[in-house]
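Novice: Below is a structure I'd like to ask you about.
The values are calculated or read from the model by the stated rules, or taken from the named source; none is laboratory data. Since the structure is predicted, the reported quantities are computational estimates derived from the model, not experimental observations. For neighbour counting, all protein chains shown are included, and Cβ atoms are generated from backbone atoms with ideal geometry for every residue, glycine included.
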Amino acid sequence: MNKKLLAAAIAGTLAAPIAMADVAVSGSIRVGLQGASDGTDTTWQIRNGGSRLRFKASEDLGNGQAAYVTYEFGVDAGGGSIGGGARNRLTEVGIKGGWGSLSLGSQWSTQWSMVGTHIDKSQAFGGQGYQGQYRMNNSVRYKTSMGALAVGVDAQMRSGGDDVDSATIGFGGSMGGLKYGVAWRDNGDSDYTGIGFGAKMGDMKISGGWSDVDGGNSGSNVNIGGIAGMWFSYGKVSGSDGALVGTYIHKVSKSTSVRLEARAQDDNNAGIVILRKEF
């Protein structure tokens, strides 16, 4: 009898955390066949396109607030292993409410949210003009909205010393049919400045932007598309040839798509066909 009571108590204890939070499992498998030419030789490879396995959980804290967590594993879909893909994926925990959200961990940077999303529309070759961060590890981030204006700030503490390694502030919003975003990052001798925009004219979409890193590169990018699943992008980084990228996305179903992407950049040309399945 005592053993049964003990087993029931242990089972109840283990089940409690599950009952307190809503947990969702999702992910994406993205594998492509790529061919590339340097003007002399052509090479072929199976390329992993950012496959991932994702866990999300949230808990209602009351008074319009919630705690949440995101945990992603990079997946090497071509090699068949978890953890073999991009390792700097999202691993964040935070609290959100009417006042905004505060999160810590490895997360999307303010630079990417405000500027990069306008510039980089590619999965394989594009985004030449975006010189900022995508994800940032060892970071804290706060974001909120003031009417139509979104505001974000973040800081990274990678070295473990007594100083903040870098800090970013960004703004984004819309005016009529124009969306915009700006961000500035204090990063020692390599400060970042970026501007992004997006607009829609009927079925056609246009977006792009400019970004610059002190002591490094500056770049710009313009994207036009949105009609029949097609996008065309031209981007250039200082000191290099511009790249023209064409993308076609065919939706097989709500969660399955085939993506064709090609890049022309002097003698550095490439093409890829990616099969993508969300779950």
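Novice: Would you kindly identify the strands (runs of 3 or more DSSP E) lying entirely within region 235-279 that contain at least 3 residues that are farther than 21 Å from Gln45 by Cβ and out of contact with any Lys or Arg (no Cβ under 6 Å at 6 or more places or on another chain)?
Specialist: It comes to 243-251.
Novice: Still on this structure: Restrict the check to region 73-87 and report whether at least one residue is hydroxyl-bearing (Ser, Thr, Tyr), out of contact with any Ser or Thr (no Cβ under 9 Å at 6 or more places or on another chain) and either outside any loop (DSSP other than H, G, I, E, B) or surrounded by fewer than 14 Cβ atoms within 10 Å (Cβ to Cβ) (or both).
Specialist: Yes, that holds for at least one residue.
Novice: A further question on this structure: So, in region 148-180, of the ones that are of a type in the set (Asp, Glu) and in a loop (DSSP other than H, G, I, E, B), which residue ends up nearest to Ile119 (Cα to Cα)?
Specialist: By that ranking, first place goes to Asp165.
Novice: Here's something else I'd like to know. Taking Leu104 as the residue in question, decide whether it is at pLDDT 95 or above and not acidic (Asp, Glu).
Specialist: Against the criterion (at pLDDT 95 or above and not acidic (Asp, Glu)), Leu104 qualifies.
Novice: All but one of (1) touching a strand residue (DSSP E or B) at 6+ places or on another chain (Cβ under 6 Å); (2) on the phi < 0 side of the Ramachandran plot; (3) touching a residue at least 60 places away in the same chain (Cβ under 8 Å) hold for Gly50; which doesn't?
Specialist: So the condition that Gly50 fails would be (2).
Novice: Within region 157-208, restricting attention to residues that are of a type in the set (Val, Ile, Thr) and modelled with pLDDT of 95 or more, which residue is farthest from Met136 (Cα to Cα)?
Specialist: Ranking the qualifying residues of region 157-208, first place goes to Ile206.
Novice: Okay, next question. Regarding Thr110, is this residue of a type in the set (Val, Ile, Thr), under 13 Å from the mean Cα position of the chain (by Cα) and at pLDDT 95 or above?
Specialist: yes
Novice: Tally the residues that are farther than 14 Å from Val245 by Cα, crowded, with 16+ Cβ neighbours inside 10 Å and among the hydrophobic types (A, V, I, L, M, F, W, C), restricting the search to region 256-279.
Specialist: Residues that pass the stated criteria total 2.
Novice: Right, something else. Being in contact with a Ser or Thr (Cβ under 6 Å, 6 or more places away or on another chain), buried (at least 22 other Cβ atoms within 10 Å of the Cβ) and among the hydrophobic types (A, V, I, L, M, F, W, C): is that true of Met114 here?
Specialist: no
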